[in-house]
Amino acid sequence: MKKILIVNGHPEKSSYNYALSASYIDGATKNNNAEISIINIADLQFNPNLTHGYQQRTELEPDLLDAIEKLKAADHIAWFFPMWWYSCPAIMKGFIDRTFLPGITFQPVEGKPLPDKLLKGKSARLIITADSPSWFNSLFMGKPAINQIKRGILQFCGVNPVKVTYIAPLKNSTEAFRKKHLLKVRELGQQLD
């Protein structure tokens, strides 16, 4: 049984990101080999600020403790979020700051520049919505949101491979465009990818 974790980083429940994650879940539930858990970051009660940085651990709220257990248990993590200002929404960044912590997702090693990766053996897929066309995001901006989440967070902590589905431009997109991507994401869910 493959344990699939859905993480939705959009703060608005009526967003296309929630429609995409619902489509992925619909596909994954058709696969008898999947156990699905969900983290809708907007539903969690927590302080998104890493108040003391890494100098002192801020006490983890119950919702974050539950989220950490889901992250640790997952075999595959599907992240859904919009790209805003070439990054992720603030609430998602706050969630990552508060849960991707030393001793939880990575472990600093004395005398070594890079830590031990505590999330090895997991894979992920980023499903990102954006208004910037893929060519602009890639050629002119250098894919900052993808690099941050894929390399700077997930792969830094051992998650590999991390695949990316970039859906854009969403602004002024047609219903046919949005439906096409809902179907593609449903297929990804069915494939547990």
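The residues in segment 84-99 that are of a type outside the set (S, T, N, Q), over 12 Å from the mean Cα position of the chain (by Cα) and within 24 Å of N160 (Cβ to Cβ) can be counted, and the count is 3.
Of all residues in segment 131-147, those that are in contact with a strand residue (DSSP E or B) (Cβ under 6 Å, 6 or more places away or on another chain) and not β-branched (V, I, T) total 2. State whether one or more residues within segment 71-87 are among the acidic types (D, E) and touching a residue at least 24 places away in the same chain (Cβ under 8 Å). The answer is yes; a qualifying residue exists. Among (1) crowded, with 18+ Cβ neighbours inside 10 Å; (2) under 26 Å from A28 (Cα atoms), where does N137 come up short? Here N137 meets the rest and fails (2). For segment 99-107, indicate whether the set of residues that are more than 28 Å from L188 (Cβ to Cβ), hydrophobic (A, V, I, L, M, F, W, C) and surrounded by 17 or more Cβ atoms within 10 Å (Cβ to Cβ) is non-empty. Within segment 99-107 (the criterion being more than 28 Å from L188 (Cβ to Cβ), hydrophobic (A, V, I, L, M, F, W, C) and surrounded by 17 or more Cβ atoms within 10 Å (Cβ to Cβ)), the answer is yes, since at least one residue qualifies.
Quick grid of which residues meet (1) in contact with a helix residue (DSSP H, G or I) (Cβ under 7 Å, 6 or more places away or on another chain); (2) within 30 Å of S134 (Cα to Cα); (3) among the hydroxyl-bearing types (S, T, Y):
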residue: Y16; (1), (2), (3): yes, yes, yes
residue: G27; (1), (2), (3): yes, yes, no
residue: I41; (1), (2), (3): yes, yes, no
residue: Q45; (1), (2), (3): yes, no, no
residue: H52; (1), (2), (3): no, no, no
residue: P62; (1), (2), (3): no, no, no
residue: T99; (1), (2), (3): yes, yes, yes
residue: P102; (1), (2), (3): no, no, no
residue: L114; (1), (2), (3): no, no, no
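Looking across segment 112-150, just one residue is touching a Gly at 6+ places or on another chain (Cβ under 9 Å) and on the phi > 0 side of the Ramachandran plot, and that is G121.
Each row is one residue, and each column tells you yes or no for (1) outside any strand (DSSP E or B); (2) modelled with pLDDT under 95; (3) touching a Phe, Trp or Tyr at 6+ places or on another chain (Cβ under 8 Å); (4) not basic (K, R).
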| site | (1), (2), (3), (4) |
| --- | --- |
| G111 | yes, no, no, yes |
| G121 | yes, no, no, yes |
| R125 | no, no, yes, no |
| S138 | yes, no, no, yes |
| A145 | yes, no, yes, yes |
| N160 | yes, no, no, yes |
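Contact map, segment 110-139: first residue farther than 21 Å from F80 by Cα, second residue buried (at least 21 other Cβ atoms within 10 Å of the Cβ) and modelled with pLDDT of 95 or more, Cβ cut-off under 6 Å, separation 6 or more or different chains; pairs are K117/C157; L118/T105.
The residues of segment 169-193 that are buried (at least 17 other Cβ atoms within 10 Å of the Cβ) and closer than 14 Å to A130 by Cα, listed by number, are L170, H181.
Against the numbered list (1) over 24 Å from K2 (Cβ atoms); (2) without any contact (Cβ under 8 Å) to a residue 40 or more places away in the chain, Y16 comes up short only at (2). Only a single criterion out of (1) within 24 Å of Q191 (Cβ to Cβ); (2) over 18 Å from the mean Cα position of the chain (by Cα); (3) of a type in the set (F, W, Y) is not satisfied by Y54, namely (1).
Quick one: in segment 30-68, which of the residues that are touching a residue at least 60 places away in the same chain (Cβ under 8 Å) and touching a strand residue (DSSP E or B) at 6+ places or on another chain (Cβ under 7 Å) is surrounded by the fewest Cβ atoms within 10 Å (Cβ to Cβ)? Within segment 30-68, the match that is surrounded by the fewest Cβ atoms within 10 Å (Cβ to Cβ) is N33.
The values are calculated or read from the model by the stated rules, or taken from the named source; none is laboratory data. Note that this is a predicted model, so its numbers are computed, not measured. Note: ideal-geometry Cβ built from the backbone for every residue, glycine included; neighbour counts use all protein chains shown.
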